[in-house]
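Shown next, in C-alpha coordinates, is the structure this report addresses.
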Amino acid sequence: QVREQLDGLAARLSAARVAHNEISASDIEAARVILASGTRLDATASIAELIDADVVFHSAVHDLSGNPAITEMVAEQWPHFMRSMGLVLTATGIRNRVWREHAEILDAILSGNATRAEDCAREHTARAADETARRFDAIVRVA
(Lines give C-alpha, C1' and ligand atoms only; values in the text may rest on other atoms or scores of the structure.)
Protein backbone atom coordinates (compact mmCIF):
# COMPACT_ATOMS: atom_id res chain seq x y z
CA GLN A 1 0.00 0.00 0.00
CA VAL A 2 2.82 2.40 0.81
CA ARG A 3 4.67 1.59 -2.39
CA GLU A 4 1.46 2.05 -4.36
CA GLN A 5 1.16 5.57 -2.96
CA LEU A 6 4.83 6.43 -3.47
CA ASP A 7 4.95 5.10 -7.03
CA GLY A 8 1.73 6.94 -7.86
CA LEU A 9 3.13 10.16 -6.40
CA ALA A 10 6.41 9.76 -8.27
CA ALA A 11 4.60 9.22 -11.57
CA ARG A 12 2.27 12.18 -10.98
CA LEU A 13 5.15 14.50 -10.08
CA SER A 14 7.19 13.27 -13.06
CA ALA A 15 4.33 13.99 -15.47
CA ALA A 16 3.80 17.42 -13.96
CA ARG A 17 7.49 18.17 -14.44
CA VAL A 18 7.26 17.07 -18.08
CA ALA A 19 4.20 19.28 -18.56
CA HIS A 20 6.17 22.24 -17.19
CA ASN A 21 9.30 21.45 -19.26
CA GLU A 22 11.32 20.79 -16.10
CA ILE A 23 12.91 17.55 -17.31
CA SER A 24 15.83 17.59 -19.74
CA ALA A 25 15.67 15.90 -23.11
CA SER A 26 18.55 13.67 -22.05
CA ASP A 27 16.65 12.47 -18.96
CA ILE A 28 13.59 11.76 -21.10
CA GLU A 29 15.72 9.84 -23.59
CA ALA A 30 17.35 7.89 -20.75
CA ALA A 31 13.90 6.84 -19.50
CA ARG A 32 12.97 5.67 -23.00
CA VAL A 33 16.20 3.65 -23.23
CA ILE A 34 15.48 2.05 -19.85
CA LEU A 35 12.00 1.06 -21.02
CA ALA A 36 13.33 -0.31 -24.32
CA SER A 37 16.01 -2.33 -22.53
CA GLY A 38 13.49 -3.89 -20.16
CA THR A 39 11.02 -4.58 -22.94
CA ARG A 40 13.68 -6.46 -24.91
CA LEU A 41 14.22 -8.99 -22.11
CA ASP A 42 12.81 -12.31 -23.23
CA ALA A 43 12.17 -15.74 -21.76
CA THR A 44 15.91 -16.41 -21.61
CA ALA A 45 16.49 -13.53 -19.19
CA SER A 46 17.27 -14.58 -15.65
CA ILE A 47 15.12 -13.53 -12.73
CA ALA A 48 18.04 -11.37 -11.55
CA GLU A 49 18.14 -9.56 -14.91
CA LEU A 50 14.38 -9.03 -14.80
CA ILE A 51 14.49 -7.70 -11.25
CA ASP A 52 17.40 -5.38 -12.08
CA ALA A 53 15.54 -3.97 -15.09
CA ASP A 54 12.39 -3.48 -13.00
CA VAL A 55 14.33 -1.65 -10.28
CA VAL A 56 16.05 0.55 -12.86
CA PHE A 57 12.69 1.49 -14.41
CA HIS A 58 11.02 2.37 -11.13
CA SER A 59 14.11 4.19 -9.88
CA ALA A 60 14.09 6.30 -13.04
CA VAL A 61 10.48 7.31 -12.39
CA HIS A 62 11.36 8.15 -8.80
CA ASP A 63 14.28 10.28 -10.00
CA LEU A 64 12.18 12.03 -12.67
CA SER A 65 9.77 13.11 -9.93
CA GLY A 66 12.32 15.60 -8.66
CA ASN A 67 11.45 14.59 -5.10
CA PRO A 68 14.54 13.08 -3.47
CA ALA A 69 12.49 12.01 -0.43
CA ILE A 70 10.76 9.37 -2.58
CA THR A 71 14.09 7.93 -3.70
CA GLU A 72 15.40 8.00 -0.13
CA MET A 73 12.31 6.32 1.34
CA VAL A 74 12.25 3.58 -1.28
CA ALA A 75 16.01 2.91 -1.10
CA GLU A 76 15.75 1.10 2.21
CA GLN A 77 12.83 -0.97 0.96
CA TRP A 78 14.37 -2.22 -2.31
CA PRO A 79 15.49 -5.58 -0.85
CA HIS A 80 11.90 -6.32 0.22
CA PHE A 81 10.46 -5.06 -3.08
CA MET A 82 12.99 -7.13 -5.02
CA ARG A 83 11.90 -10.32 -3.26
CA SER A 84 8.33 -9.56 -4.28
CA MET A 85 9.42 -8.78 -7.85
CA GLY A 86 11.25 -12.10 -8.03
CA LEU A 87 8.15 -13.96 -6.94
CA VAL A 88 5.96 -12.19 -9.50
CA LEU A 89 8.42 -12.31 -12.41
CA THR A 90 8.76 -16.10 -12.35
CA ALA A 91 5.67 -16.25 -14.58
CA THR A 92 6.51 -15.49 -18.23
CA GLY A 93 3.07 -14.04 -19.05
CA ILE A 94 3.36 -11.62 -16.19
CA ARG A 95 6.76 -10.44 -17.40
CA ASN A 96 5.18 -9.20 -20.62
CA ARG A 97 2.32 -7.53 -18.76
CA VAL A 98 4.74 -5.77 -16.41
CA TRP A 99 6.59 -4.14 -19.29
CA ARG A 100 3.36 -3.21 -21.08
CA GLU A 101 2.31 -1.49 -17.86
CA HIS A 102 5.70 0.21 -17.58
CA ALA A 103 5.20 1.51 -21.12
CA GLU A 104 1.76 2.88 -20.17
CA ILE A 105 3.23 4.60 -17.11
CA LEU A 106 6.06 6.18 -19.09
CA ASP A 107 3.71 7.20 -21.91
CA ALA A 108 1.46 9.00 -19.41
CA ILE A 109 4.48 10.67 -17.81
CA LEU A 110 5.98 11.81 -21.10
CA SER A 111 2.63 13.12 -22.29
CA GLY A 112 2.44 15.23 -19.13
CA ASN A 113 -0.79 13.59 -17.99
CA ALA A 114 -0.30 13.58 -14.22
CA THR A 115 -3.63 11.96 -13.33
CA ARG A 116 -3.20 9.13 -15.82
CA ALA A 117 0.44 8.61 -14.81
CA GLU A 118 -0.52 8.31 -11.15
CA ASP A 119 -3.40 5.95 -11.91
CA CYS A 120 -1.26 3.72 -14.13
CA ALA A 121 1.54 3.53 -11.55
CA ARG A 122 -0.81 2.81 -8.68
CA GLU A 123 -2.71 0.13 -10.63
CA HIS A 124 0.58 -1.47 -11.71
CA THR A 125 1.84 -1.65 -8.13
CA ALA A 126 -1.51 -2.91 -6.81
CA ARG A 127 -1.59 -5.70 -9.42
CA ALA A 128 1.95 -6.71 -8.48
CA ALA A 129 1.00 -6.77 -4.79
CA ASP A 130 -2.05 -8.93 -5.54
CA GLU A 131 0.07 -11.31 -7.62
CA THR A 132 2.67 -11.52 -4.86
CA ALA A 133 -0.02 -12.42 -2.33
CA ARG A 134 -1.50 -15.07 -4.67
CA ARG A 135 1.88 -16.65 -5.35
CA PHE A 136 2.89 -16.59 -1.69
CA ASP A 137 -0.42 -18.19 -0.65
CA ALA A 138 0.12 -20.95 -3.23
CA ILE A 139 3.60 -21.64 -1.86
CA VAL A 140 2.31 -21.78 1.72
CA ARG A 141 -0.49 -24.17 0.76
CA VAL A 142 1.97 -26.54 -0.91
CA ALA A 143 4.33 -26.46 2.05
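The values are calculated or read from the model by the stated rules, or taken from the named source; none is laboratory data. Just so it is clear, the structure is predicted and the values come from calculations on it, not from any experiment. Note: ideal-geometry Cβ built from the backbone for every residue, glycine included; neighbour counts use all protein chains shown. Each accessible area value is taken on the protein alone, full model and side chains, heavy atoms only, with ligands, DNA and RNA left out. Shrake-Rupley method; radii C 1.70, N 1.55, O 1.52, S 1.80 Å.
The dipole here belongs to region 42-143: it is taken about the Cα centre, uses +1 on the Cβ of Lys and Arg and -1 on the Cβ of Asp and Glu, and is about 400 debye.
The angle separating the long axis of helix 114-142 from the principal Cα axis of greatest extent in the chain is about 10 degrees.
In degrees from 0 to 90, rounded to the nearest 10, what is the angle of the helix 2-19 Cα long axis to the longest principal axis of the chain? So the inclination is approximately 30 degrees. With all protein chains in place and ligands, DNA and RNA left out, the 1.4 Å accessible area ranks 28, 105 as 28, 105, largest first. Taking the 1.4 Å solvent-accessible surface of the chain as the whole, the part contributed by carbon and sulfur is 55%. Within the listed set 42, 63, 107, the residue fluctuating most in the Gaussian network model of the chain (springs between alpha-carbon atoms under 10 angstrom) is 42. Summing charges over all other residues whose Cβ lies under 12 Å from the Cβ of residue 94, with Lys and Arg as +1 and Asp and Glu as -1, gives +2. Considering only the other residues whose Cβ falls under 10 Å of the Cβ of residue 70, what net charge follows from Lys and Arg at +1 and Asp and Glu at -1? That sum, taken over residues with Cβ under 10 Å, equals -3. Heavy-atom accessible surface of region 31-115, averaged per residue, reaches 49 Å², computed with a 1.4 Å probe.
Take the chain and mark each of the GluC sites (Glu not before Pro) that is in a DSSP loop with at most 16 other Cβ atoms within 10 Å; the longest unmarked stretch, sites excluded, is 77-143. Computed from the Cβ-Cβ distance with R0 of 30 Å, the FRET efficiency linking residue 71 to residue 127 stands at 0.85.
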